[in-house]
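Data first, discussion second: the structure below is written as structure tokens.
The values are calculated or read from the model by the stated rules, or taken from the named source; none is laboratory data. What you see is a predicted model; the values in this text were computed from it and never measured. Note that each Cβ is placed from the backbone with ideal geometry, even for glycine, and that neighbours are counted across all protein chains shown. Remember, those area values only see protein heavy atoms, side chains included, never the ligands or the DNA or RNA. Shrake-Rupley method; radii C 1.70, N 1.55, O 1.52, S 1.80 Å.
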Amino acid sequence: MRRAGALVALLARGGLAVAADAPVALGPCGPIARVYDALEVPATQLHHLGGTPLARLGLLAFRKGQPAPIPFQLDERRGRKLALPGGPEPTADDKPGVLDADDLLVFMACDAGEQASPAELARALAEAGADAVWRELRIEDPVEHTRGFVYLVSAAHPPASERRYVAYVPEGDLVESARYRIGLVNSLPTYFALATGASIGPNLIDGLRLRAGIAHTYFYPQHVYGPGSLKLPFSPGILFRDISAFGGVDGRDLRGWRYFAPGTPPDGFAVDGHMDERERAFASSGEWFVLAHGSEALLFVTRMSENLRRAITLSLVYRDDASRPNPPEDVPGTVPLVGYRGRGIEKLPGGRYEFALRIYTLPGYRRGDERRLLAQLDASLTAEVTAEGPRPSEPAPAAAPPAPR
């Protein structure tokens, strides 16, 4: 897979940052109880904040009337491309350091709070500076029918959180959160471990089996998101009669885990290094599968653009065979090899196609927990500006004179 760039999402302040304090866990959630959803608000929707220096921006949420700064990130972009100044393929922003029309405000929905009154906002911004302005963003959950609010502040002394959910360690090309650790080599993950407090589990992967066109990798507090795209100048059927594609991961001896997916028995398949009769007969289509071990689980979800879905059917792949090598790998055997196979690639006409892989960590997992998350994935949150303080061109309201005695 060729990765055009990677983004460590939701640090204490905007931009790709080097780890300082250890990442903290997300939660507890406010009115929006979605721990995996990040909101991306285009700068064009922030009502006259274009040109604001990024250092002047902060994000507030109110819980029980008390304000607190929350982590956020400002993705600087140039057109549709992320502005990533580091790495082997740097991309410079045309207006670095200021909010422009291409940029995105990103924050976790779980951090949203309640709506604040004008008096509560005035008290919260008393020390931000006389030129402070704000935008109220309302978040709606169409599944739970709940509503939350955050407040974007532009000021000389904006509210700032020292908390970070994800951090990047250049030495070792390592991404860290409170829930997982991922190590990369040449932009490909070669190390993935779950974390519980200060305890880090073993490396779970022995190899990645994936080829793509161009892909980014986004890291969030409890999940990883990898959108990709493929551009075909003409139909591959002109040159090839039958083309199939495979994408998956080789587990690093996950004996004791269980595999659940559409079409598996209610108790799933036991990962033990041997294929039994039911496993050999398994043939199912679907976009998701779960690897579970006790109360810990990983949910893998693949989604394709409509033009790709019409032409290709994804079949699920499960192979649990310790005696069957699948190089390159450090531990011989596939225990298990899990993923997808797509057939009918030769039928695709020329054009652009999009796909995405999501990997969710599911702490406290119970069978069926994935259903709620899959339903949320099909019902996106919305965010819009519903109120605002004085515009940057307007003076801040003067304090009321003292009442006569």
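Expressed in Å, the radius of gyration and Dmax of the Cα atoms of region 69-124 are 15.7, 49. Net length available on complete extension from residue 242 to residue 101 is 46.3 nm, with 0.36 nm assigned per residue and the Cα-Cα distance removed.
Over the residues of region 107-226, compute the C-alpha Rg and express it relative to 2.2 N^0.38 Å.
Values: Rg = 19.6 Å, N = 120, 2.2 N^0.38 = 13.6 Å.
The reported ratio for this selection is 1.44.
Centre-to-centre separation between the Cα atoms of region 60-84 and those of region 161-189: 19 Å. As I understand it, the dipole of the chain uses +1 on the Cβ of Lys and Arg and -1 on the Cβ of Asp and Glu, about the Cα centre. Which of 184, 292, 200 lies farthest toward its positive end? Farthest along the dipole direction, towards plus: 292. Relative to the current alpha-carbon distance between residue 196 and residue 162, full extension at 0.36 nm per residue lengthens the span by 10.1 nm. Legend: residues 157, 216, sorted from most to least accessible area (1.4 Å probe; ligands, DNA and RNA excluded), read 157, 216. The residue among 159, 175, 143 whose Cα reaches farthest toward the positive pole of the charge dipole of region 137-176, with charges on the beta-carbon of Lys, Arg, Asp and Glu, is 159. Placing +1 on the Cβ of every Lys and Arg and -1 on the Cβ of every Asp and Glu, with nothing else charged, gives the chain a dipole about its Cα centre of roughly 560 debye.
Under 27 Å of direct C-alpha separation, and excluding same-chain neighbours fewer than eight residues apart, residue 95 reaches these lysines: 81. For mean projected area of the Cα convex hull in nm², the value calculated from this model appears in (1) 21.2; (2) 22.9; (3) 19.4 under label (2). Between residue 387 and residue 323, the FRET efficiency from the beta-carbon distance, with R0 = 41 Å, is close to 0.05.
In whole percents, the pair-distance distribution calculated for region 143-284 from its alpha-carbon pairs, binned every 5 Å from zero, is 2, 6, 10, 14, 14, 14, 14, 12, 7, 4, 2, 1, 0, 0.
Per DSSP H run of n ≥ 4, the term is -39500 (n - 2.57); total these for the chain, divide by its residue number, and report the mean residue ellipticity at 222 nm rounded to 500 deg cm²/dmol. The partial results should precede the final answer.
Numbers: 4 runs with 27 residues, N = 405.
Result for the chain: -1500 deg cm²/dmol, rounded to the nearest 500.
Between residue 203 and residue 94, full extension at 0.36 nm per residue minus the direct alpha carbon distance yields a gain of 35.2 nm.
For the full complex of protein chains and a 1.4 angstrom probe, list 145, 293 by accessible area with the highest value first. Don't skip to the answer; put the middle values down first.
Numbers: 145 150, 293 85 Å².
In descending accessible area the options line up as 145, 293.
When 171, 76 are compared by accessible surface with a 1.4 Å probe, the order from highest to lowest is 171, 76. Charge dipole of region 152-234 (Cα centre as origin; +1 on each Lys and Arg Cβ, -1 on each Asp and Glu Cβ, all else neutral): 280 debye, rounded to the nearest 20. Calculate the FRET efficiency for residue 117 and residue 171 from the Cβ-Cβ distance with a Förster distance of 60 Å, rounded to the nearest 0.05. Calculated transfer efficiency: 0.80.
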